[in-house]
Each structure stands twice: as C-alpha cells, then as structure tokens.
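Asks: Sharing a structure, written as structure tokens. Questions coming.
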Amino acid sequence: MPIPFALHPRRVVKAPAGNRALVLIRRWVPAKFSGWNAWDVRWELQHVKRLLLRDRRWCVELYPDTHDDPGGVPVEAPAHQWVVPDRATAIAFAEKLSEVVLKEGLSDDLPQP
C-alpha cells in the first residue's frame, strides 16, 4: 500500500516493463529563485511569497526512468506536466496517474486531469 499523496507529495511507480517513473505534486510557481544576485534575496523571497498567495494552482509532474526517489525536485525538466486548479485535484489526478503507470506503463496517451 503506497503512502497517499496527501501525506507525501511524491511516489516512484514501477511500470510493467520494469522501468520506474516519479510522480510528483507541488505548488505551481511560474518563477524560479535566482541565487546569482545575493543583494536581492529579500526581494526574491517576497516575489515568491506574492506568487504563492496569489496563485493557488498545483502541478503534477511525471519523470520517467527514475530509479529512486531523489529527495527533492529533480534538476531535469519533467517529461509531462499538468497544471490543476487546487491541491485536492492534484492529489486525485496523481493517484489516477500512478495507477495508470502501474497497470499500463508509460505511453503517449496518459490521462488528462
């Protein structure tokens, strides 16, 4: 029995072909922190805070060929990414996506939220 996405936002799912995929949910923040300018750290953090307060969307990401849980957000871009309106929708879609990958494997016709 896997840990629910409501408690842990990531799951490594083994496909029938033997390869593994990481399914990850997180807040949708359309900006990234820039560590190059150390003088503007406060401004960068305030900017991210404003984005989080204004936008309640979440994203579900799929990273194929992941052998173990990386412990954080992977460095590479996800193979598939879906933006959903809220956390409950992200949890439900991630559970559905995990079941599809577990039963059918990775394919081009993955479910949509």
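Any read-out appearing in this document is the output of simple, stated calculations on the displayed coordinates, not a laboratory observation. This is a predicted model, so every value here is computed, not measured. Note: ideal-geometry Cβ built from the backbone for every residue, glycine included; neighbour counts use all protein chains shown.
Asks: Rounded, prolate or oblate: pick one for the range 51-113, where a ≥ b ≥ c are the square roots of the eigenvalues of its C-alpha gyration tensor, a/c under 1.5 means rounded, and failing that, prolate if a/b is larger than b/c, else oblate.
Replies: Working: a/c = 2.09, a/b = 1.31, b/c = 1.59.
Note, shape of the range 51-113 comes out oblate.
Asks: Could you give the angle, 0 to 90 degrees to the nearest 10, between helix 87-104's Cα long axis and the longest principal axis of the Cα atoms of the chain?
Replies: Result, in degrees: 30.
Asks: Would you work out which of 21, 46, 71 lies farthest towards the positive end of the dipole of the range 10-104? Charges go on Cβ: Lys and Arg +1, Asp and Glu -1.
Replies: 46
Asks: With Kirkwood radius over Cα pairs in Å as the read-out, I listed (1) 15.2; (2) 14.3; (3) 13.9; which label goes with the value calculated from this structure?
Replies: Calculated Kirkwood radius over Cα pairs in Å: the matching label is (1).
Asks: If you take every residue apart from residue 56 with its C-beta less than 9 Å away from the C-beta of residue 56, what net charge results, scoring Lys and Arg +1 and Asp and Glu -1? Intermediate values should be presented prior to the final figure.
Replies: Working: positive: 27, 54, 57, 87; negative: 55, 86.
Result for the local shell: +2.
Asks: Using label points projected 7 Å from each Cα along Cα→Cβ, tell me how many nm separate residue 69 and residue 47, to one decimal.
Replies: About 3.2 nm separates the two model spin labels.
Asks: Order these peptides, 89-96, 20-27, 50-57, by their mean beta-carbon neighbour count within 10 angstrom, highest first. Display every interim value, and only then the final one.
Replies: Numbers: 89-96: 19.0, 20-27: 20.5, 50-57: 11.4.
Top of the packing list down: 20-27, 89-96, 50-57.
Asks: Using only Cα atoms, tell me the angle between helix 41-54 and the longest principal axis of the chain; keep it within 0 to 90° and round to the nearest 10.
Replies: For 41-54 against the chain, the angle is about 60 degrees.
Asks: Using the crude model of +1 on Lys and Arg Cβ and -1 on Asp and Glu Cβ, and no other charge, please compute the dipole size for the range 10-104 relative to its Cα centre, in debye to 20.
Replies: Its charge dipole is roughly 420 debye.
Asks: Read phi for every residue in the range 14-19 and hand back ³J(HN,Hα) as whole Hz from Karplus 6.51 cos²θ - 1.76 cosθ + 1.60, θ = phi - 60°, with x for Gly and Pro.
Replies: 8, 7, x, 6, x, 7
Asks: So for the range 10-104, averaging the separation of alpha carbon pairs under 8 Å that are six or more residues apart and normalising by length, what relative contact order in percent results?
Replies: Details: 140 pairs, mean separation 35.9, N = 95.
The normalised contact order for the range 10-104 reaches 38 percent.
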